[in-house]
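Novice: Quick one: this structure, given as structure tokens, is what I'll be asking you about.
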Amino acid sequence: LLQEGESNTLKSPGVRALLLYPMNALANDQVKRLRELFEPFPEITFGRYVGDTKKTRVDALEHYRQRFGTSPLPNELISREEMQANPPHVLLTNYAMLEYLLLRPDDTPFFDGEHAKSWKFLVLDEAHVYNGAQGTEVAYLLRRLKDRVLKSEQGRLRCFATSATLGRGGEDNP
């Protein structure tokens with residue numbers, strides 16, 4: 001993203017990185033960290049799109065101030081309408097909301113059209129929780145996402161899985 005900023009290609013809206021969390025609590029926690037990270041880089045926009053994200057900026061601003069005790073940064077998108085009109089460079093959501101985003105017509109700007117050609121990164125946080133049936137469902141969801149934004153183009157999307165839970169070392173993985 002910093003390289004895009006240097007080459008002036010970051011001026012156009014559109015998701016460059018999706019940070020996918022298993023639950024809202026983790027996405028909410030990360031907003032605080034991203035605020036600190038992106039405050040010195042006002043050209044990088046970011047937004048948290050989860051179930052309680054309000055539709056309008058006015059409603060979202062009040063909700064945001066109550067939840068976080070502060071006002072959003074200028075590069076922080078907080079309402080559905082502003083993210084749909086100008087998708088953020090970094091989008092935070094959870095896998096349940098991603099399912100809705102892929103289906104709802106109002107959310108197509110994230111995945112289709114002029115703002116959807118810049119996808120570069122997909123980060124699956126807390127990868128250790130995606131096992132069994134849930135892991136299978138999320139795997140299919142991510143395949144649908146990749147097919148939608150990449151149109152079968154290989155090698156453009158870099159995928160990362162993260163986890164703070166490493167287990168008991170050699171006991172868990174001899």
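The values are calculated or read from the model by the stated rules, or taken from the named source; none is laboratory data. Since the structure is predicted, the reported quantities are computational estimates derived from the model, not experimental observations. Neighbour counts run over all protein chains shown; Cβ positions are idealised from the backbone, glycine included. Quick note on the areas: whole protein, heavy atoms, side chains included, nothing else; ligands and nucleic acids left out. Shrake-Rupley method; radii C 1.70, N 1.55, O 1.52, S 1.80 Å.
Novice: Scan the range 40-62 for residues that are open to solvent by less than 40 Å² (accessible area, probe 1.4 Å) and of a type in the set (Lys, Arg) and jot them down.
Specialist: The one that is open to solvent by less than 40 Å² (accessible area, probe 1.4 Å) and of a type in the set (Lys, Arg): 48.
Novice: Scanning for something at positive phi and out of contact with any strand residue (DSSP E or B) (no Cβ under 7 Å at 6 or more places or on another chain), does the range 95-115 turn up at least one residue?
Specialist: In the first step, residues of the range 95-115 are kept if they are at positive phi; the result is 113.
The next check asks that each one be out of contact with any strand residue (DSSP E or B) (no Cβ under 7 Å at 6 or more places or on another chain); those that pass are 113.
Yes, because at least one residue in the range 95-115 is at positive phi and out of contact with any strand residue (DSSP E or B) (no Cβ under 7 Å at 6 or more places or on another chain).
Novice: Please give the number of the condition residue 95 fails out of (1) over 23 Å from residue 23 (Cβ atoms); (2) among the hydroxyl-bearing types (Ser, Thr, Tyr); (3) under 15 Å from the mean Cα position of the chain (by Cα).
Specialist: Looking at each condition in turn, residue 95 falls short on (1).
Novice: In the range 115-174, which residue that is more than 18 Å from residue 93 (Cα to Cα) and charged (D, E, K, R) is modelled with the highest pLDDT?
Specialist: That would be 147.
Novice: Also, I was wondering about something else. Take the range 1-51 and flag every residue that is basic (Lys, Arg), out of contact with any strand residue (DSSP E or B) (no Cβ under 7 Å at 6 or more places or on another chain) and in a loop (DSSP other than H, G, I, E, B).
Specialist: Answer for the range 1-51, where residues must be basic (Lys, Arg), out of contact with any strand residue (DSSP E or B) (no Cβ under 7 Å at 6 or more places or on another chain) and in a loop (DSSP other than H, G, I, E, B): just 11.
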